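Rule-based calculations on the coordinates, nothing more; no lab input. These figures come from a predicted structure and were not determined experimentally. Every residue, glycine among them, receives a Cβ derived from its backbone with ideal geometry; neighbour counts consider all protein chains shown.
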């Protein structure tokens with residue numbers, strides 16, 4: 001899968017996770033379709049996809065043994081690095097530690113990791 005396709009997979013997993021875990025109606029920006037997603041966010045999604053892909057590959061596909069919390073934390077840290085890359089002074093919520101993220105976002109991040117992992121292990 002190309003990084004561009006991986007970025008789209010990341011976004012689709014994010015939207016599905018938000019719809020699954022978010023309490024109530026999510027903000028429109030949380031579920032913006034790929035074609036309307038800003039370029040910086042597409043680039044960030046592609047970078048995090050590549051990091052997860054590489055992590056799964058260099059781990060010999062043993063990442064299935066990680067907990068959902070560990071998987072979600074990995075995605076959150078990778079995303080935080082992208083926020084610092086794309087924004088000089090990102091909003092605090094964009095760079096919060098994984099443990100400080102809302103429960104819905106922690107679940108969504110774990111879903112993203114597992115979605116990428118599943119696509120790679122097919």
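Values for this structure:
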read-out	value
Percent RCO, i.e. relative contact order, over the chain, from Cα pairs under 8 Å lying at least 6 residues apart	38 percent
With Cα atoms, 0 to 90° folded angle of helix 103-121 axis to the chain main axis	40 degrees
Helix 39-58 vs. the chain, principal-axis angle (Cα, 0 to 90°, nearest 10)	20 degrees
Equivalent ellipsoid semi-axes - Cα gyration tensor, the chain, angstrom	20, 16, 15
Label-zone membership for the stretch 16-33, site residue 103, 7 angstrom Cα→C-beta point, backbone N under 14 Å	21-24
Rounded to 10°, Cα long-axis angle of helix 3-21 versus longest principal axis of the chain	70 degrees
Chain lengthening between residue 83 and residue 62 when straightened (0.36 nm per residue, less Cα-Cα)	4.8 nm
For 97, 109, order by how many other beta-carbon atoms lie within 10 Å, fewest first	97, 109
